[in-house]
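Heads up, the thing below is written out as C-alpha cells.
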Amino acid sequence: MVELVVHGHEGGACDVGLLLRAMDLATCAAAEKHSGVNCVTVAVGDVVIEHGPRVGDLLSLTAEPVLVGRTSIEVAVRATATRGPARRAVCDAH
C-alpha cells in the first residue's frame, strides 16, 4: 500500500499526473515483490476515475498481481481518498 497527501491545482482538484505516477509506483512495487526482480511498466489500460481526489485528501493505493505469466504480470490497482472519517473510491485500473 502506498499513501500520500494530495497536491493539486488552485481549484482544489488533484493533478491527474500525480495520480497516474502514484499508481505506477504501486503496481511496480507489487510486481517486484511478487517476482523478486526489477520490473517496468509496459502498458496501462482501463483506468476509470470515479471521483477525483481533492487537495488535502489522503490517497491510498493498493496493488496486487491478478495474472502471472512466464514473462509478464498483470497488476490491479485501487485508489481511495480519505478525508476525516469519509473514505471513497477514486479509481481502479488493470
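The values are calculated or read from the model by the stated rules, or taken from the named source; none is laboratory data. These figures come from a predicted structure and were not determined experimentally. All Cβ positions, glycine included, derive from the backbone under ideal geometry; neighbour counts span all protein chains shown. When the accessible area is computed, the model is the full protein with side chains, heavy atoms only, and any ligands, DNA or RNA have been set aside. Shrake-Rupley method; radii C 1.70, N 1.55, O 1.52, S 1.80 Å.
The table that follows gives values for the structure above.
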item: Close pairs (8 angstrom Cβ cut-off, 6 or more residues apart or separate chains): more than 9 Å from S60 (Cβ to Cβ) in segment 72-83, open to solvent by 70 Å² or more (accessible area, probe 1.4 Å) and of a type in the set (D, E) anywhere; result: V75/E64; A76/E64
item: Any hit, segment 30-47, residues being free of Cβ contacts under 8 Å to residues at least 12 places away in the same chain and assigned to a helix (DSSP H, G or I); result: yes
item: Residue count for segment 51-76, restricted to those that are closer than 18 Å to C14 by Cα and within 13 Å of the chain's Cα centre (by Cα); result: 6
item: Tally of residues being within 14 Å of K33 (Cβ to Cβ) and either in contact with a Phe, Trp or Tyr (Cβ under 8 Å, 6 or more places away or on another chain) or among the acidic types (D, E) (or both) across segment 56-94; result: 1
item: Filtered residues of segment 72-91 (kept if open to solvent by 50 Å² or more (accessible area, probe 1.4 Å) and over 14 Å from R21 (Cα atoms)); result: S72, I73, E74, R83, G84, P85, A86, R87, R88
item: Residues of segment 52-71 satisfying the condition of being assigned to a loop (DSSP other than H, G, I, E, B) and either open to solvent by less than 70 Å² (accessible area, probe 1.4 Å) or within 16 Å of L20 (Cβ to Cβ) (or both); result: G52, P53, V55, G56, D57, G69
item: Subset of segment 1-55 that is more than 24 Å from V68 (Cβ to Cβ) and among the acidic types (D, E) - its residue that is modelled with the highest pLDDT; result: E50
item: Filter pass, R21 being basic (K, R), out of contact with any strand residue (DSSP E or B) (no Cβ under 8 Å at 6 or more places or on another chain) and part of a loop (DSSP other than H, G, I, E, B); result: no
